[in-house]
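One structure below.
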Amino acid sequence: MTSETEPRKIMTKPLPQILDEIENSIKMADDAANSARQAAEEARKAGEKAAQEAARVAAQAIAKLEHKVDNVTQLAELLEMAIKEGVGALEKRLSQE
């Protein structure tokens, strides 16, 4: 609580000084807002770059996996053909006996 004998700060400072302090506070707030906007923009760009890199790496991994799947499919088809040939040869041999 302020005693009645103590003058308030606003009553002891000249108006130009108070206005200068307000102007300085506004400039500092504006500078802080600009810095925050700049940091947000940099963070957005970094996030976009990271997302692009992740997409690129994922596409490479998918391409490698697709290549391996193709190889496995070809091997499975060859194995199926070999088994059919083997079964056919066994059936032919058993039917001759």
Of residues in the stretch 1-57 being among the polar types (S, T, N, Q) and part of a loop (DSSP other than H, G, I, E, B), the one modelled with the lowest pLDDT: T2
Unmet criterion (only one of (1) surrounded by 10 or more Cβ atoms within 10 Å (Cβ to Cβ); (2) at pLDDT below 95) for D70: (2)
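The values are calculated or read from the model by the stated rules, or taken from the named source; none is laboratory data. All values derive from a computational prediction rather than experimental measurement. A quick note on method: Cβ atoms are made from the backbone with ideal geometry, for glycine too, and the neighbour counts reach across all protein chains shown.
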